[in-house]
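A quick write-up on the structure given underneath.
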Amino acid sequence: MKGHDGARDPERVSFGSLAKALHDMGALRLGEFTLPNGNHSLYDIDLRLVPSYPEIYTTVLAAYVELVEGVGTDSYDAIAGVATAGVTISSPLAVMLKKPMMYVRKEGESRGQDRFVEGVAPPHSRVLMIDDLVSTGRSVVSAAGALRRLGFTVTDAAVLVDRMEGGKENLASAGLRLNSYATIEQLLRALCQMNLAKEVQVDAVLHQAEARRRQHRP
């Protein structure tokens, strides 16, 4: 079943266990950070670390399986990871779901003549986008566009974490439905319950997210 803002209500993987796992491995940190895009942030979440920790990787994959089963495994024919972090999820997920997998390169990383999509799937397949998280949603929208130009149908994207910075709205304006396992608020509230974060920190993060959501509103 769906949770707040399109996130999943966890059955096999709780928000608490997921939040603590990410916190303990250093993939979810509170503080002051400069993101790769140059923005300053009151927290850092780096899911590229997940595959380095097999037990946590297994937990994260279980969350994705639950998430995509909620989308409906009969509603898509193939999955496509968004490079690079999304590919670390889409690859094992494709094996588990027995679905063909493709992946989409970032703009500027094409090989040859506008070749952004690697891999194959039957013509006109319905493709489920897979990424690690969503901020503004620009990378997912761009990847979906590359697949659509090849004749594939793309209506849904699945991510582990929604940073609540306008991605859901931006995807919707591009005809994409965002399916997230958790929002950043849900993860940080779970850390608060374990005394691993303070309410004032969470409130500051949410204020930051709302400011960016207004900035990137479609």
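See the values below:
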| read-out | value |
| --- | --- |
| Selected residue (only one of 111, 105, 138, 115 is at pLDDT below 95 and touching a Gly at 6+ places or on another chain (Cβ under 9 Å)) | 138 |
| Region 148-175 - residue that is of a type in the set (Gly, Ala, Ser) and over 27 Å from residue 13 (Cβ atoms) and, of those, surrounded by the fewest Cβ atoms within 10 Å (Cβ to Cβ) | 151 |
| Any helices (runs of 4 or more DSSP H) falling wholly within region 161-218 and containing at least 3 residues that are more than 16 Å from residue 42 (Cα to Cα) and polar (S, T, N, Q) | none |
| Output for region 190-212, where each listed residue is without any contact (Cβ under 8 Å) to a residue 60 or more places away in the chain and surrounded by fewer than 20 Cβ atoms within 10 Å (Cβ to Cβ) | 192, 195, 198, 199, 200, 203, 206, 207, 210, 211 |
| Where a residue in region 155-183 is in contact (Cβ under 8 Å) with a residue 24 or more places away in the chain and within 12 Å of residue 138 (Cα to Cα) and its partner, wherever it lies, is among the aromatic types (Phe, Trp, Tyr) and surrounded by 23 or more Cβ atoms within 10 Å (Cβ to Cβ), with Cβ under 8 Å and at least six apart | none |
| Qualifying residue in region 107-126 (condition: closer than 25 Å to residue 42 by Cα and either in contact with an Asp or Glu (Cβ under 6 Å, 6 or more places away or on another chain) or touching a residue at least 12 places away in the same chain (Cβ under 8 Å) (or both)) | no |
| Selected residue (criterion: surrounded by the most Cβ atoms within 10 Å (Cβ to Cβ)) from residues of region 72-87 that are within 25 Å of residue 165 (Cα to Cα) and at pLDDT 95 or above | 80 |
| Inter-residue pairs, beta-carbon under 9 Å, first within 26 Å of residue 61 (Cβ to Cβ) and in region 22-38, second basic (Lys, Arg) and outside any loop (DSSP other than H, G, I, E, B), 6+ apart | 23/29; 27/48 |
| Any chance residue 5 is under 18 Å from residue 205 (Cβ atoms) and modelled with pLDDT under 95 | yes |
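The values are calculated or read from the model by the stated rules, or taken from the named source; none is laboratory data. This structure is a prediction, so every number in the text was calculated from the model and none was measured. Neighbour counts are summed over all protein chains in view; Cβ atoms, including those assigned to glycine, are modelled from backbone coordinates with ideal geometry.
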